[in-house]
Amino acid sequence: MRLNFADTNRGFIKSVTQMSVSKRFQSLLTFALVFGLTETSPSFAQISYPMVMSLKPVAIQVGATTECEVNSRYTMLGAYQVTVGGSGVTAEVVPPVMPELKPGEKPKDITKLKVKFTATADALPGVREFRLATPHGASTVGQLVVVRDPVIVEVAENNSADKAQLVTLPAALCGTIEKGEDCDFWKFSVEAGQTILFHVLCQRLQDKIHDLQVHADPILFLRDTKGSVLATSDNAFFADPFLVHRFEQAGEYLLEIRDVRYQGNVDWVYCIEANSRPFVTGAFPKAIKAGVETSVDLSGVGLTGDFKGIVRVPAGTPPGLVSLPVAMGDQVSNPVGFYVTDLPTIVEPAGDNDSAMTALPFEVPQVISGRIETPSDLDCYSFVAKKGERFTFEVIARRQMSNLDSFLRILNSQGQPVREDDDGRFGRLTHADTWLEGWEAPGDGTFIVEIRDGLLRGGAGFEYALQVTKTEPYFMLEVDTDKTQLTPGTYGAIFVRVVRKHGFTGEVQLHIDGLPSGVLATCGRILAGKGIDGCIGLFASPELKPVAKDVRIWGTATHTIPAPSGTNGETTTVELSATAVPYQEYYSPGGGRGHYPVETHCVAVGDSADLLAVNLSETEIRLKPGESKKILINLIRAKDVNANVTLDFMYRHLEQVYANSLPEGVTMEGNQSKTLLTGTDSEGFITLKADKSAPPVDRQVTAVMANFAINFVMKATYSSPPVFVTVEKE
């Protein structure tokens, strides 16, 4: 398995300056030894999966085949598969023309690769993830935009008004803010009275790009041919502009796009959808049911009067956030955000519900569809609670491009606030949507939940769904990476972390579905109590050819609910489950390591690489409390591989641990271990010790990892067979 870690020299130096002098010296020495700083020329592993940096053009048209260029860090040589999220879009690699090689000459790296994308006529517009599979493993995810209009690609010289690129609208204008002070100009003609919208996708395409670090901040200007600015737009949808203009006079006009800071990057691609169609920004109600047609009121650009549409959610769609087009007579809208739910729903009625006295009553559980109709508007809903009952309130709005920046207050029956909350934490990301979990009623009575915009704004596009439920124990799962790389005959490890909620403290059994044929799994568990990490061990059969498949990682658990206090009732056992969210890491400015959720985790089997095996003296480790045991480790290196290797049971980088599936109370003894193997050294050992108070556990699954440095900020990680650690009773 190959995983990468982000931390530049600057980020490392910043972290060690906060340590003691002796600890700083030890960390710097380790850093120097591992990354080869003590040598004249550093010794690095040479094999890495490709990192997708950009796609040019970044958009494809429905009903057409478009040839695009994928740009990457590290080679895409031998790419044999391209997967695209959703339905209606397929892709194939255009084999590159390779020069004839001389005897013993290695092929050159390919960091620019042509890919043909084909979108069916009914493919849904919007942003898709795509990923390449290569002999070196699966790539990081890239971003692709599906559009309805013809795609027009930027020419080399459109960087000034006098060299503006002439285009015919409607179109999707695709280009790159490729360098500092780059300004792209597009020239077009309109008729008198024509309204055109310009929707930019740029910054929003960069959150999942692994190695981009600094992101674009685009700004849009509409000019006449004399250069005078008629309109401008900056941050409309997060950092992306959205400009709508009615042209009173026919003629030619200019559209300019640049970074607001005059910065640039060869991978800052953009797509400007320029057309005269209606553009829906909000729909009401926002909460809808799967398998039924729902009539919705629409708000946005180019809609007149009480504009309505029909949204159809396919039967079987699981509860959650979706983005779907709305049928508007003989037209279909752009994708619009909705919340699919199987809970009871109500819709905010017309009339006054702006105070505790006029609050709309509802029963829990419930999903309420509402809208903040005017500036300073607030909506109130009342419910009955008993003392000690706990409730969870979740707003679904800004995550789906609603204008609402929600702010919640819980009021008592006299209208006095007893709790208030603003932004919510969803997984590893913070959003403007409020998520208040586990609020406990201070007494019996009626309470009011009040929702408003945090800046007291309101109007069209301020729709929301408010979900109110009784708080129940549950858990969430996260996978720190979005891909697991294997080679024939070798092992890999997937680490899964649990986030326990509201009283659940139990064990979680891990599962994995959809593995490539010939890849076997040993599914471990996350131990109860203090355990937060678990491990799934994978093995690729020796005869496997390169293959890649998306998998589903999930967990199950049981939870016992005690009988209510003061009663003779029986306890209740409930079954809990959760699907793990894969996170792709990214390099944040300054070298930090961040994460962003992606849609898939890919297991890929590639060609043999730097390390052929990680062999252990034993894989069944039995420890008594207070006992230590040494595990001998032997690496089988590929021919001529002499890069330094570090050994570890924990998935970590420098001072931060990202996964530790060892049982509670079991640790590595650093001064009794040999974890740094320099040059061609292939023999090491790790000593595990069980603390005297370590609780008993039977055969906890973990693995030894062997880490190569790919560069100063990345590691390639290979795994041993699964290791089963048992702590015996005293």
(message) Criterion first (touching a residue at least 24 places away in the same chain (Cβ under 8 Å), crowded, with 22+ Cβ neighbours inside 10 Å and hydroxyl-bearing (Ser, Thr, Tyr)) does Thr176 satisfy it?
(response) yes
(message) I want to confirm something. Restricting to region 111-123 and keeping residues that are assigned to a loop (DSSP other than H, G, I, E, B) and among the hydroxyl-bearing types (Ser, Thr, Tyr), which single residue is surrounded by the most Cβ atoms within 10 Å (Cβ to Cβ)?
(response) Thr111
(request) Take the residues in region 584-620 that are over 30 Å from Gly86 (Cβ atoms) and surrounded by 21 or more Cβ atoms within 10 Å (Cβ to Cβ), then tell me which one is modelled with the highest pLDDT. (result) Val614
(request) Determine which single condition Val296 fails, assuming it passes every other condition in (1) over 26 Å from Ile451 (Cβ atoms); (2) under 33 Å from the mean Cα position of the chain (by Cα). (result) (1)
(request) Considering only region 423-450, state which residues are closer than 12 Å to Ala397 by Cα and either among the β-branched types (Val, Ile, Thr) or not assigned by TED's automatic domain parsing to the domain that holds Phe407 (or both). (result) Thr434
(message) One residue is enough: does region 427-435 have a residue meeting the conditions of a type in the set (Ser, Thr, Tyr), at pLDDT 95 or above, more than 30 Å from His136 (Cα to Cα) and surrounded by 21 or more Cβ atoms within 10 Å (Cβ to Cβ)?
(response) yes
(message) When you check Leu466 against the structure, is it surrounded by fewer than 21 Cβ atoms within 10 Å (Cβ to Cβ) and either outside the structural domain of Phe284 (by TED's automatic domain parsing) or not in a strand (DSSP E or B) (or both), yes or no?
(response) no
(request) Give Gly518, Gly529 a once-over and let me know the one that is touching an Asp or Glu at 6+ places or on another chain (Cβ under 7 Å), surrounded by fewer than 20 Cβ atoms within 10 Å (Cβ to Cβ) and on the phi > 0 side of the Ramachandran plot. (result) Gly529
(request) Among what's in region 532-555 and is in contact with an Asp or Glu (Cβ under 7 Å, 6 or more places away or on another chain) and under 28 Å from Phe475 (Cα atoms), pick the residue that is surrounded by the fewest Cβ atoms within 10 Å (Cβ to Cβ). (result) Arg552
(request) Check region 405-419 and report whether any residue there is among the acidic types (Asp, Glu) and in a strand (DSSP E or B). (result) no
(message) Suppose we filter region 683-709 for residues that are touching a Lys or Arg at 6+ places or on another chain (Cβ under 8 Å), within 30 Å of Thr75 (Cβ to Cβ) and either not small (Gly, Ala, Ser) or not assigned by TED's automatic domain parsing to the domain that holds Lys630 (or both); how many remain?
(response) 2
(request) Please find, within region 136-157, the residue that is modelled with the lowest pLDDT out of those that are buried (at least 20 other Cβ atoms within 10 Å of the Cβ) and in a loop (DSSP other than H, G, I, E, B). (result) His136
(message) Looking at Ser693, Ser682, Ser673, can you tell me which residue is within 25 Å of Val499 (Cα to Cα), surrounded by fewer than 22 Cβ atoms within 10 Å (Cβ to Cβ) and either touching an Asp or Glu at 6+ places or on another chain (Cβ under 7 Å) or of a type in the set (S, T, N, Q) (or both)?
(response) Ser693
(request) Give region 353-378 a look and list any residue that's touching an Asp or Glu at 6+ places or on another chain (Cβ under 6 Å) and buried (at least 18 other Cβ atoms within 10 Å of the Cβ), or say none. (result) Asn353, Gly370, Arg371, Ile372
(message) Of all residues being of a type in the set (Val, Ile, Thr) and buried (at least 22 other Cβ atoms within 10 Å of the Cβ) in region 244-280, which is farthest from Ile196 (Cα to Cα)? Just the residue, please.
(response) Val269
(request) Output the qualifying pairs, or none if there are none: Cβ atoms under 7 angstrom, residues six or more apart or on different chains, first residue in region 383-395 and more than 16 Å from Asn412 (Cβ to Cβ), second residue polar (S, T, N, Q). (result) Arg390/Thr471; Thr392/Thr469; Thr392/Thr471; Glu394/Gln467; Val395/Ser406; Val395/Thr434
(request) Return yes when Pro625 is surrounded by 14 or more Cβ atoms within 10 Å (Cβ to Cβ), within 23 Å of Arg497 (Cβ to Cβ) and not polar (S, T, N, Q) and no when it is not. (result) no
(request) Considering only region 481-507, state which residues are under 30 Å from Ala548 (Cβ atoms) and either surrounded by fewer than 19 Cβ atoms within 10 Å (Cβ to Cβ) or not assigned by TED's automatic domain parsing to the domain that holds Asp698 (or both). (result) Pro488, Gly489, Val499
(message) Take Lys108 and tell me if it is charged (D, E, K, R) and outside any strand (DSSP E or B).
(response) yes
(message) Can you say whether Ala694 is part of a strand (DSSP E or B) and either of a type in the set (A, V, I, L, M, F, W, C) or more than 28 Å from Lys639 (Cβ to Cβ) (or both), as far as the supplied structure shows?
(response) no
(request) Kindly establish whether Pro325 is at negative phi and surrounded by fewer than 16 Cβ atoms within 10 Å (Cβ to Cβ). (result) no
(message) Out of the residues in region 281-322 meeting the condition of being within 20 Å of Leu197 (Cβ to Cβ) and among the hydroxyl-bearing types (Ser, Thr, Tyr), tell me which one is surrounded by the fewest Cβ atoms within 10 Å (Cβ to Cβ).
(response) Thr304
(request) Just give me the residues in region 619-649 being part of a strand (DSSP E or B), among the aliphatic types (A, V, I, L, M) and either within 24 Å of Ile47 (Cα to Cα) or within 34 Å of the chain's Cα centre (by Cα) (or both), in sequence order. (result) Ile633, Leu635, Ile636, Val645, Leu647
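The values are calculated or read from the model by the stated rules, or taken from the named source; none is laboratory data. Not measured: the values here are computed from a predicted model. Glycine also receives a Cβ, built like all others from the backbone with ideal geometry; neighbour counts cover every protein chain displayed.
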